[in-house]
């Protein structure tokens, strides 16, 4: 196994070189005074800013726009993974929860299609606070999970729309001052 890395100027974040090593310990030998090591994939022409490799445009405004877009992307991801409320219950909606919902919907669809009953003790879901939600039938359980899946994906789509719109506003900013006062709502 090898580890990708980039050497960069500590003061500016400018990527000086990239490579991979078999052992992370070897990286300390490659950094000179005034240089740092970034663990991950980066390319020459990028900068390491707040632990993230970003493309580095020529002007201060373009650099600020690129960093702001990266922050918007992180916020979209954060918002999408937050718990979601449905039927006055807080439910997990992160990637693990979404995978579990998808898997359970596939199982229920198969069981219902094949006439294979689900044991009553398996007709449950745990909410965000680890309270047990119990269902009286496979059909009720499948319908509830379907509504949860729709709620999560609809929120995810709305978060993408928000992200794209904000990035368009970032692109339209003509000054650093305008960029710094941008409304993220």
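The values are calculated or read from the model by the stated rules, or taken from the named source; none is laboratory data. None of these values were measured; they are calculated from a predicted model. Note that we place each Cβ from the backbone using ideal geometry, even for glycine, and neighbour counts take in every protein chain shown.
Points worth noting:
- Every listed requirement among (1) in contact (Cβ under 8 Å) with a residue 12 or more places away in the chain; (2) touching a strand residue (DSSP E or B) at 6+ places or on another chain (Cβ under 6 Å); (3) not assigned by TED's automatic domain parsing to the domain that holds residue 4 is met by residue 38 save one, (3).
- Counted residues, region 58-92 - those being surrounded by 15 or more Cβ atoms within 10 Å (Cβ to Cβ), over 16 Å from the mean Cα position of the chain (by Cα) and over 16 Å from residue 184 (Cα atoms): 5
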